[in-house]
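Visitor: I have a structure I would like to understand better, so I am pasting it below and will then ask my questions one at a time.
What follows draws every value from the coordinates through simple rules; no lab data is involved. Just so we're clear, the structure is a prediction, and the values are computed from it rather than from any experiment. Glycine gets a Cβ as well: all are built from the backbone with ideal geometry, and neighbour counts include every protein chain shown.
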């Protein structure tokens, strides 16, 4: 149980990771392909946007899938003895470093401009701590929800995030989805949950009222943090994403430092910061940092809805890949859920408001 | 096992019943409300059609639900000792009698016309045996499929009927569904299957190739019989539905008589035609006959797609009603499947081709 808890927490932390990040790797590819297109005079700005959106979405999907596979791999290896809060802190630090690295390259190539300078104003920076604070609060709540729901039940309830993200996206960002797209979004939530069904899933229906309330509050916190990050990043469209990420990650580091103190102070003080780290831990931290970068790019160039679809499809891809890697057994529920998710992806695209 | 077999067969026989039937009860209501509307000069022909379509669809949904509840009830009572083929024969006979009853009323009120006279031509009647023959063939196949699939697995595979009906509807009747409606139809199939999932459902994935082939052939036979019946009924739109039903049922009686000889000759010869009949058996025969009437009306005034949606929604209604009647326990899979079915109903209506 404790073991599942840690796993869940690390997964959630990917969400934290998610909403605060940097460029590098992929973004570099995107930037250079954009330049290539522009030089050739081939693509309109519309086409460039679509290509960029496609690349970051694919990157996020692949990184999220490989992340889940790393989790399964590390489960097999039975290594989960490190403290999760220190790993989260390192993810934030790595992303911060990658943002700076990307920025130094940009400064070298383009010079320092108003849009890519690191210095900021109170007015710009004051909102940046909010997503990190929301996630910290959510992760703390997570310790208490396990009094009401077991870990597999919590995995099921986490699909409420899909609905909360959709609703908050509509309310906070005031962006409209068509009715067909809403239908697709409800189906995405149902399909993901169906794909995860197993013989114990029904126990989640016995969740008590406090358990439900906490699950809903956590879904709202997570959805709000995601949507709010998108609002922050998109508020200044011309501002370089690496600068925006840098500031988000600085606060991510700060709030994760608080989490270390609250949750793992004794363990870190007695056993050391890196106690229990393995090669897989390092790979997972690297993967989380890169996924974080991808989420940030999706927030900048697409939106939270695309992020949710992308990570949901990743969940299904993971299961399929696991069949080959770990001899996983796919259930009928998985096939049905995957079909429903596929139809929902189609509906999201077919239902676009004109 | 034998017991489930019989139950399944009776249920399927409702499909036989389905596609061959008469007016009365409901149709009377429809007819009289149409007359009322026409007299008042209120409704356009469009409005009358919609109302008629709505009434017959609701009737079918309610009758199909109550049918499933009767099956559960009779299961509880443990009475399944009658021979199913004789019951099917009586259903056809009852529907035939009801068609004639409705016709005598019409003849009395409107006089005998070209559209409502019982006599027919070879050209009109030659296609009428086909649906009944297809169902007979399908029911015979059913005896063999249980060598490859167990009864709960067969219930799951029966959802292939939804897809086969959609495909054959498109091919044979050449009616178009929009892409959104196709999405809805795939979801209907997934949703119904999801709602029926239980801990043993995964076994169906181990079905061998001959089992899959038989299930697909049976789905095609059933879909073809349904679509073909619609084609027959709609070929002569002005022809009175009771006359069309009368001839369909006459052949239904004939083919069910053949089934009695093939499957239950010994039992009937030794124990008598009505051996094992109970009050519930009589109720079930009555219900099947009335459901058959409703299906026929749906074929005349709506189509096979509406029929499939109607019987699928009935399946969900049955489960909800069973919670109150029999203390049924609804699974998470049921909630997810029901949500998917609800969205699919919405998509069918929202996706109408203009």
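Visitor: Shortest first and in nm with one decimal, please list how far the residue A:278 label point sits from its counterparts in the other copies (point 7 Å along Cα→Cβ).
Guide: Distances between equivalent label points, in nm: 6.0.
Visitor: Ignore the peptide's own chain and count Cβ atoms of other chains within 10 Å of each Cβ in B:198-211; give me the average, rounded.
Guide: On the way: counts 2, 4, 1, 5, 8, 1, 1, 6, 0, 0, 0, 0, 0, 0.
The shielding value for this peptide is 2.
Visitor: Taking each label point as 7 Å beyond Cα in the direction of the beta carbon, state the distances from residue A:107 to the same residue in the other copies, shortest first, in nm.
Guide: 10.0
Visitor: Here's something else I'd like to know. Counting only other chains, what is the mean number of Cβ atoms within 10 angstrom of the Cβ of each residue in peptide B:344-351?
Guide: Values: counts 4, 0, 5, 8, 0, 0, 5, 5.
If you average over the peptide's residues, the count of other-chain Cβ atoms is 3.
Visitor: A follow-up question, please. Tell me, what is the percent relative contact order of chain B, built from C-alpha pairs under 8 Å that lie six or more residues apart?
Guide: Values: 443 pairs, mean separation 141.8, N = 354.
It comes to 40 percent, rounded to a whole number.
Visitor: Classify the stretch B:262-354 from the C-alpha gyration tensor, please: rounded if a/c falls under 1.5, else prolate or oblate depending on whether a/b exceeds b/c.
Guide: Oblate.
Visitor: Say a label goes 7 Å from Cα toward Cβ at residue A:125 in every copy; what distances in nm does this one have to the rest, shortest first?
Guide: For residue A:125, the inter-copy label distances come out at 9.4 nm.
Visitor: If packing is taken as the mean number of other Cβ atoms within 10 Å per residue, what is the order of A:294-303, A:98-107, B:332-341, highest first?
Guide: Result, highest mean first: A:294-303, B:332-341, A:98-107.
Visitor: Where in the stretch A:301-318 does the amide nitrogen come within less than 20 Å of the point 7 Å from the Cα of residue A:45, taken along Cα to Cβ?
Guide: A:301-303
Visitor: Per-residue counts of other Cβ atoms within 10 Å, averaged by peptide: what ranking do you get for B:159-167, A:140-148, highest first?
Guide: B:159-167, A:140-148
Visitor: Let me ask something else. Which value in nm describes the separation of the simple spin-label points at residue A:209 and residue B:320, placed 7 Å from the Cα toward the beta carbon?
Guide: In this crude spin-label approximation the distance works out to 2.4 nm.
Visitor: Now for a separate question. Computed FRET efficiency, Cβ-Cβ of residue B:349 and residue A:216, R0 22 Å: what is it to the nearest 0.05?
Guide: The value I calculate is 0.15.
Visitor: Estimate the FRET efficiency between residue B:257 and residue A:171 by the formula 1/(1 + (r/R0)^6), using the beta-carbon distance for r and 60 Å for R0, to the nearest 0.05.
Guide: On the way: r = 65 Å, r/R0 = 1.09.
Plugging the Cβ-Cβ distance into 1/(1 + (r/R0)^6) gives 0.40.
Visitor: Under the classification rounded if a/c is under 1.5, otherwise prolate if a/b is larger than b/c and oblate if not, where does the protein assembly as shown fall, given a ≥ b ≥ c as square roots of the Cα gyration tensor eigenvalues?
Guide: Cα axes put the protein assembly as shown in the prolate bin.
Visitor: Running a GNM on chain A with Cα contacts under 10 Å, which residue among A:315, A:214, A:284 ends up with the highest mean-square fluctuation?
Guide: A:214
Visitor: For every helix of n ≥ 4 consecutive DSSP H residues, a contribution of -39,500 (n - 2.57) applies; sum these over chain B, divide by its total residues, and give [θ] at 222 nm rounded to the nearest 500 deg cm²/dmol. Intermediate results must be reported in sequence, preceding the final value.
Guide: On the way: 14 runs with 274 residues, N = 354.
Dividing the helical sum by the residues of chain B leaves -26500 deg cm²/dmol.
Visitor: A further question follows. Over the stretch B:200-354, calculate the relative contact order: mean separation of alpha carbon pairs under 8 Å at least 6 apart, over the residue count, as a percent.
Guide: 24
Visitor: Once you have a ≥ b ≥ c as the square roots of the Cα gyration tensor eigenvalues for the stretch A:104-247, tell me rounded if a/c is under 1.5, and otherwise prolate or oblate according to whether a/b is larger than b/c.
Guide: prolate
Visitor: Take peptide A:336-343, look around each residue's Cβ out to 10 angstrom, count Cβ atoms belonging to other protein chains, and average those counts.
Guide: Other-chain Cβ atoms within 10 Å of each residue's Cβ, averaged: 6.
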